[in-house]
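Contents: one structure, followed by commentary.
The values are calculated or read from the model by the stated rules, or taken from the named source; none is laboratory data. Just so we're clear, the structure is a prediction, and the values are computed from it rather than from any experiment. Here the Cβ positions follow ideal geometry from the backbone for every residue, glycine too, while neighbour counts run over all protein chains shown.
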Amino acid sequence: MSTVDEPGASPSDRLNDALVSAVNDAFETDPIPRDLTQFALDAFAWRVIDEELAAITYDSATTELVGIRGTASQRHSFRFEGRGVAVSVSLSGISVVVSVEPAGRYSCRIESPSSVTDTVSDDEGQFVVDHRPLPVRVVVETPAGRLVSPWIIG
Amino acid sequence: MVIASNTTASAYCRDVTDESAFSTASPFTALVEASLAGDAKAWQALVRKLERVVWKAVNMMTIDDEVRKDAFAATWLRLVERLGTIREPDKLPGWLTTTATNEVRQILRNRGRQQIPVDFSAPHDIFASLLSSSGDADGEHDRELVRSEVRGTVRRAFNTLDEECREILTVLVLADPPTPYREASDLLHRPIGSLGPSRQRCLEKLRNTPAMQSWVGEHGG
């Protein structure tokens, strides 16, 4: 246990140092579940190479009072931009609705650690796929290159 | 999946015949650089080197098992996502700690979850492991029993702190050596001058919890 040894250290400083050590020690021993270590190792497969990581310009989770009445998991929408397009995504318990602007046919991909779905938007730049659990992210092939959203976690 | 599911830390550390020279002893800068270049061994070493920091951070932030697991997973997805933007790899422990605390807060908020009342969870796994441990009552066993009880008491007390105090203390005390104030100030988006007083205030709160009173008495408080 580390303590402050300088003569000037007050008893309160010494007590705080002992407290910090005690807190560190108290949380040191939790075994990490194996499946979590494996998830961290496997996460490497999701690295972003030669893609542009989009900027989130709107996220209902951070701008609205969701969750107060338990509705947070039912609807979550966000918007991201980059490579000359803007993408709106609406997640619900039933589906994922994606809309790309400007309108047009784009190759798109919905990724989650357990599944990957490739699709093409309609002429309006829209498509719908079945609900999938979070975390999820959206990849759009634009004329300027591939754009990938940050992981939507919550 | 890139990595075999039976990978273990010991197997990895002995794996010196592999052409990749990376291990947990490699510096963060080399591991980040090689991971960005696609070296899976370098990533494995990064995970092995830092997974405890992340797990400890999420455990300090919440006792909600589902939330801490999801936050742990989210933190690694974030690191993979942001790896190319890490400018000072030596600060990864602090970065991961803060990211982990943020992910816990975000998940709790998005799901409209309340922190689980402390009396019903954290100590149980400790006492359960005590009860299931072997019954030989030699001195070492007794000492371990006492250490476990102290850990349980400290955890119970820590878990009663508000989210802000948990986050500040997690970021400031978890890393070894502790995260410097300047770095913590950047990571937490808090003025550097507020960190010392906040740390002091949160430690005082912890000291004053009913659960800590006998501990404080023993330590001359």
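Find the residue count for the stretch B:58-97, including only residues that are of a type in the set (Val, Ile, Thr) and closer than 26 Å to B:PRO27 by Cα.
Taking the stretch B:58-97 and keeping what is of a type in the set (Val, Ile, Thr), we get B:58, B:62-63, B:67, B:75, B:80, B:85-86, B:97.
Checking which are closer than 26 Å to B:PRO27 by Cα leaves us with B:58, B:75, B:80, B:85-86, B:97.
Going through the stretch B:58-97 one residue at a time, the tally reaches 6.
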Kindly indicate whether A:PRO31 is modelled with pLDDT of 90 or more, surrounded by fewer than 13 Cβ atoms within 10 Å (Cβ to Cβ), assigned to a loop (DSSP other than H, G, I, E, B) and more than 7 Å from chain B (Cβ to nearest Cβ).
-> yes
Pick out the one residue from B:LEU203, B:LEU169 that is under 19 Å from B:VAL53 (Cβ atoms), of a type in the set (A, V, I, L, M), modelled with pLDDT of 90 or more and part of a helix (DSSP H, G or I).
-> B:LEU169
For B:VAL32, all conditions in the list (1) of a type in the set (Val, Ile, Thr); (2) in a helix (DSSP H, G or I); (3) more than 10 Å from every other protein chain (Cβ to nearest Cβ); (4) within 17 Å of the chain's Cα centre (by Cα) hold save one; what is the number of the exception?
-> (4)
Kindly provide the set of residues from the stretch A:34-59 that are more than 30 Å from B:ARG151 (Cβ to Cβ) and either more than 7 Å from chain B (Cβ to nearest Cβ) or among the charged types (D, E, K, R) (or both), ordered by number.
-> A:ASP42, A:ARG47, A:ILE49, A:ASP50, A:GLU51, A:GLU52, A:ALA54, A:ALA55, A:ILE56, A:THR57, A:TYR58, A:ASP59
What residue, among those in the stretch A:43-55 that are surrounded by fewer than 20 Cβ atoms within 10 Å (Cβ to Cβ) and modelled with pLDDT of 90 or more, is farthest from B:GLU204 (Cα to Cα)?
-> A:ALA45
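What do you reckon, is B:VAL47 in contact (Cβ under 8 Å) with a residue 12 or more places away in the chain, more than 9 Å from chain A (Cβ to nearest Cβ), under 28 Å from B:PHE158 (Cβ atoms) and in a helix (DSSP H, G or I)?
Against the criterion (in contact (Cβ under 8 Å) with a residue 12 or more places away in the chain, more than 9 Å from chain A (Cβ to nearest Cβ), under 28 Å from B:PHE158 (Cβ atoms) and in a helix (DSSP H, G or I)), B:VAL47 does not qualify.
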Would you kindly identify the strands (runs of 3 or more DSSP E) lying entirely within the stretch A:81-121 that contain at least 3 residues that are under 23 Å from A:ALA61 (Cβ atoms) and hydroxyl-bearing (Ser, Thr, Tyr)?
-> A:85-92
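When you check B:ASP176 against the structure, is it more than 20 Å from the chain's Cα centre (by Cα), at pLDDT below 90 and over 16 Å from A:ASN16 (Cβ atoms), yes or no? Spell out how you get there, then give the answer.
On the way: more than 20 Å from the chain's Cα centre (by Cα): no; at pLDDT below 90: yes; over 16 Å from A:ASN16 (Cβ atoms): yes.
For B:ASP176, the condition - more than 20 Å from the chain's Cα centre (by Cα), at pLDDT below 90 and over 16 Å from A:ASN16 (Cβ atoms) - is not met.
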